[in-house]
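Written out below as structure tokens is the structure these notes cover.
The values are calculated or read from the model by the stated rules, or taken from the named source; none is laboratory data. Everything quoted here is computed from the prediction, not taken from an experiment. A quick note on method: Cβ atoms are made from the backbone with ideal geometry, for glycine too, and the neighbour counts reach across all protein chains shown.
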Amino acid sequence: MHYDSRMNEQQRSFERSDGRVNGRTDVLVFDDAASTLKRKRSSAAGAGKFKIIDESIRATRTEKSVDAAWEGGALRRLAECIGDEPHTVLQGLLSLATELCGGGVGASTAGISLLERADDGTEMFRWVALAGRLVDHIGGTTPRNFSPCGMCLDANAPLHLARPDLKFTYFLEAGTEFTEGLILPFSTGSNADPMGTLWVISHPPVRHRFSPEDMRVMESLTRFAASAYRLSKARDEAERKTRGHQHLLATVSHDLRTPLQTISGYVDILSLGIQGALNEAQKESLVRIRKTEKFLAEVLDGLMECSRQDSTPPELELSPIPLGQTLSSAYSLIEPQMRAKSIAYEYEPCDSSVVVRTDCSKMEQILVNLLANATKFTQANGRVTLSAHIAGDNAVIAVADTGRGIPPDKLDRIFEPFVRVDAAASEEAQKGVGLGLAISRSLARRMGADITVRSEYGRGSVFSLSVPLA
């Protein structure tokens, strides 16, 4: 069932007559050959007349008693759908809606129509979920500006109709009478923007007539289901992004290993003197290259760990480590980047007797990440300082810089994966995917340590790594 936009103006003029001419009930059918609507005598059983059923009419009906047990069970069934796919939430609500009408399979139809916008800007409702007699019409559309669903959202309130198929005659394509229709905004509350509508239609021979209790129960269930649907959609979106990030990490890790192995091979050739003898300065450079290569290999291992969903991280090798030894060696891995930007490096050594309990390679990885981050976000001719002091049972290592600092609205999120610090930073500073701090804090906490930050935007930042003393 798809609404044809050519019907719009003709259908509007027909709307004023409620489908009645000279006391008889007529309907409109679309003539494809003539591209126009023609009146046709309705042959639907119990044709009746379209009308809006208000509170005064519902009040004359036999009131249903409150069935707290059924309503409680219905809410439990919806709650069980929250961890499932979004469509499962919708189908769970529709199953409950058709139960409300009674009469067995085929006595009613329930549907969810969600708003969407066509390429030309026209709004329409798409039947994204169906249950009951009209289930074969899944994917059908109706117009926003001429439909029961549109009337419901315009009023931002439940709508109760008799014979909606006589006013909105594109429903006649369904080939069955719509005795009554109950349409409710599909939203999380009266102040929330509706995503669409829930509607329930009764059909002959049961011809269920909705009561005030039916409306109350469906309002309650619809709001609960709309909240569950939003949660399920948000979870799906988060999982989709996570899968994309994991794929990116796995791809990057894989693609970087080949050039890294090539570098290692050339270092081996140079070290063996195959291409000539090396002087002492060249040998020292090769030692640094080898150390950097090993460091990068460990970083790639960490990226691969992040890319494996629900993977168990490898055990850390915690042991007593002289803190001064680790601090003094970290600079050599970041020295070329600092020199390229003419950044002054200040190292304030700690007492040589200070020993911490940590994983030496992971500790070095964290320090290099912090120093690299400070270098990246510090302008040329700035300054980066590495220092350490004792605070209680911890050694506190501080990496301070004179860079841009961190915007206040990013301080709470700076350690989340894929969060970029400052969109206004230079192109060079924006290189990377935003994983360094997330990985560093994760490693620190696994070692019983932690990383904190304080920053003044425009003046610099200080990242502090607290490590337990041995």
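At-a-glance table
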{"item": "Residue list for the stretch 90-112, restricted to those being part of a helix (DSSP H, G or I) and either modelled with pLDDT under 90 or touching a strand residue (DSSP E or B) at 6+ places or on another chain (Cβ under 7 Å) (or both)", "result": "L90, Q91, L93, L94, S95, A97, T98, E99, L100, C101"}
{"item": "Every residue from the stretch 347-386 that is farther than 17 Å from R445 by Cα and of a type in the set (S, T, Y)", "result": "Y347, S352, S353, T375, T378, T385"}
{"item": "Residue in the stretch 47-55 that is assigned to a helix (DSSP H, G or I) and at pLDDT 60 or above present", "result": "yes"}
{"item": "Among (1) of a type outside the set (A, V, I, L, M, F, W, C); (2) out of contact with any Cys (no Cβ under 7 Å at 6 or more places or on another chain); (3) surrounded by 13 or more Cβ atoms within 10 Å (Cβ to Cβ); (4) within 20 Å of I390 (Cβ to Cβ), the one test that G324 misses", "result": "(2)"}
{"item": "Selected residue (only one of S211, S227 is among the hydroxyl-bearing types (S, T, Y), in contact with a Ser or Thr (Cβ under 8 Å, 6 or more places away or on another chain), more than 23 Å from G83 (Cα to Cα) and modelled with pLDDT of 80 or more)", "result": "S211"}
{"item": "Close pairs from the stretch 327-343: first over 16 Å from E293 (Cα atoms) and β-branched (V, I, T), partner at pLDDT 85 or above and assigned to a helix (DSSP H, G or I), Cβ under 7 Å, at least 6 apart", "result": "I343/T375"}
{"item": "Residues of the stretch 208-221 satisfying the condition of being of a type in the set (D, E, K, R) and in a loop (DSSP other than H, G, I, E, B)", "result": "R209"}
{"item": "Some residue of the stretch 141-158 being under 21 Å from H208 (Cα atoms), in contact (Cβ under 8 Å) with a residue 24 or more places away in the chain and of a type in the set (D, E, K, R)", "result": "no"}
{"item": "Top-ranked residue of the stretch 105-125 - restricted to ones that are free of Cβ contacts under 8 Å to residues at least 40 places away in the same chain and of a type outside the set (A, V, I, L, M), ranked as nearest to F186 (Cα to Cα)", "result": "E116"}
{"item": "Residue match in the stretch 190-202 (condition: touching a Pro at 6+ places or on another chain (Cβ under 7 Å) and at positive phi)", "result": "no"}
{"item": "Sole residue being touching a residue at least 24 places away in the same chain (Cβ under 8 Å), within 23 Å of G106 (Cβ to Cβ) and buried (at least 22 other Cβ atoms within 10 Å of the Cβ), chosen from G132, G181", "result": "G181"}
{"item": "Scan of the stretch 69-89 for residues that are within 21 Å of S227 (Cβ to Cβ), small (G, A, S) and assigned to a helix (DSSP H, G or I), ordered by number", "result": "G72, G73, A74, A79"}
{"item": "Residues (surrounded by fewer than 18 Cβ atoms within 10 Å (Cβ to Cβ) and of a type in the set (G, A, S)) located in the stretch 373-397", "result": "A380, S387, A391, G392"}
{"item": "Condition met for D409 (free of Cβ contacts under 8 Å to residues at least 24 places away in the same chain and of a type outside the set (V, I, T))", "result": "yes"}
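A quick yes/no check of all residues on (1) at pLDDT 85 or above; (2) crowded, with 16+ Cβ neighbours inside 10 Å; (3) under 20 Å from I390 (Cβ atoms); (4) touching a helix residue (DSSP H, G or I) at 6+ places or on another chain (Cβ under 9 Å):
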residue: V433; (1), (2), (3), (4): no, no, no, yes
residue: I439; (1), (2), (3), (4): no, yes, no, yes
residue: L443; (1), (2), (3), (4): yes, yes, no, yes
residue: M447; (1), (2), (3), (4): yes, yes, yes, yes
residue: G458; (1), (2), (3), (4): yes, no, no, no
residue: S464; (1), (2), (3), (4): yes, yes, yes, no
residue: V467; (1), (2), (3), (4): yes, yes, yes, yes
